[in-house]
Amino acid sequence: MHVRSKASKAVKQSYQYLTPEAPFRTADDGFQYRDLNKNGKLDIYEDSRRSPDERTEDLLSQMTLEEKTGCMFITMIGMGKDGNLMEKPTLSDPFSFALPPTSEMVLARRMNHFNIYTSMDPRLMALWYNRLQKLAERTRLGIPVTIASDPRNAYTRNFLAGAPAGSFSQWCEPIGLAAIGDTFLTWKHADIARQEYLAVGIRVALHPMADLATEPRWPRINGTFGEDAALASRMVFAYIKGFQGDSIGPWSVACMTKHFSGGGPQKEGLDPHFQFTKGQVYPGNNFRYHLIPFEAAFKAGTAEIMPYYGIPVGQTSEDVGMGFNKDIITGLLRNTYHFNGIVCTDWGLLTDSKAFGITILPTRAHGMMNKTVEERMLKVIEAGVDQFGGEAIPEVLAKLVKDGKISEARIDSSVRR
């Protein structure tokens, strides 16, 4: 009862940030638009006739620091009963006890990127999505929410790596698609999943996995396209094209390809989701072999990249996890491959996941375990990352800016992406 009471109080406190709904207006030239910031005039970012760059710069110029830092976090979000927003934890969804209320994240923390982990009737999911967007509409600038999803079209379920299929079509895992070896079938699978995602408001796919399964003891092989770099490259390319199309547009679902620079070669197969990991090793000096499928992802135009938790032992100037690793993110991804899209960490690099004050999953801050949350956050930003996965603490990032440890210009570069 204490947990629910605390959640109800947080919801009520969040309502102070509510603004009116965004009205439809007609400009002097007859153009109809949504007055998202409710100022009675057509702003550039509200004008769909303007270029994405123009709209981005105008919106960025109007955002407060807290609104900017809110954009740099994406975390899990659940659904309430009958398509309602999840405002308090429920026994039917134990994971809800580890999450803040939806209105607190959207209104008070200014967050607008979330990963939906549940599957319900498509009608209820669409209803929930519309209610969530209506809440976002009533923020100061009316910035819409972006919903992402882990894979949800398979028969298996691992809550750390995927979502239940529910009413979505069910297919074999990516390793099965690789075994079939038909790139058109892989494209078709992604295209069908794309249409299902769009029907319920999901606009970012937290996949594909471009990792190579070179360690047979690694427990995530089923999410990969196998150990052969050439085959995996063909499959990754077709998969991304099925979700995104030839270019990002209104009917695309953006792909967050993972886990750069390859998460397959885990020593003894021990995955870095857990504390017993022993790092990533490269017998035969095959570090670059694991990059080949990512090169196919870049060629396909992947919108986003997620680095893995693991430490690429002996491959960079310091042994820290890839999300903290400037040699991997800035040196290799940005400078060598010239990737200018969004880079988002894997989930939980900064804080432990807790429920009832009890740690249910420790942070995966490998190489940074003895550092504070602020030190870890600063390290991630310095590495060149844009977004923190599985975290909901934008106020900590805002304080680092106010304390002069991170420039607001650096924040702007990530928010702009």
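The values are calculated or read from the model by the stated rules, or taken from the named source; none is laboratory data. Just so you know, these numbers come straight off a predicted model, no measurement behind them. Cβ: placed from backbone, ideal geometry, glycine included. Neighbour counts: every protein chain shown.
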Helices (runs of 4 or more DSSP H) completely within segment 1-106 that count 3 or more residues being among the small types (Gly, Ala, Ser): 2-14
Test set (1) hydroxyl-bearing (Ser, Thr, Tyr); (2) assigned to a helix (DSSP H, G or I); (3) farther than 23 Å from LYS326 by Cα - SER252 fails condition number: (2)
Any pair with Cβ under 8 angstrom, 6 or more apart, that starts in segment 235-258 at a residue that is more than 9 Å from THR302 (Cα to Cα) and ends at one that is among the acidic types (Asp, Glu) and not in a strand (DSSP E or B): GLY242/ASP191; PHE243/ASP191; LYS258/ASP211; LYS258/ASP346
Residue in segment 368-377 that is at pLDDT 95 or above, farther than 18 Å from CYS71 by Cβ and in contact with a His (Cβ under 6 Å, 6 or more places away or on another chain) present: no
Sole exception among (1) part of a loop (DSSP other than H, G, I, E, B); (2) at positive phi; (3) in contact (Cβ under 8 Å) with a residue 24 or more places away in the chain for ASP271, by number: (2)
Scan of segment 139-158 for residues that are in contact with a helix residue (DSSP H, G or I) (Cβ under 9 Å, 6 or more places away or on another chain) and buried (at least 19 other Cβ atoms within 10 Å of the Cβ), ordered by number: THR139, LEU141, GLY142, ILE143, VAL145, ILE147, SER149, PRO151, ARG152, ASN153, ALA154
Selected residue (criterion: farthest from ILE358 (Cα to Cα)) from residues of segment 54-108 that are small (Gly, Ala, Ser) and in contact (Cβ under 8 Å) with a residue 12 or more places away in the chain: GLY83
In segment 400-415, the residues that are part of a loop (DSSP other than H, G, I, E, B) and free of Cβ contacts under 8 Å to residues at least 12 places away in the same chain: ASP403, GLY404, SER407
Spans of strands (runs of 3 or more DSSP E) in segment 282-399 with at least 1 residues buried (at least 17 other Cβ atoms within 10 Å of the Cβ) and under 16 Å from the mean Cα position of the chain (by Cα): 304-307
Only one of LEU135, LEU127, LEU141, LEU177 that is aliphatic (A, V, I, L, M), farther than 30 Å from PRO362 by Cβ and part of a loop (DSSP other than H, G, I, E, B): LEU141
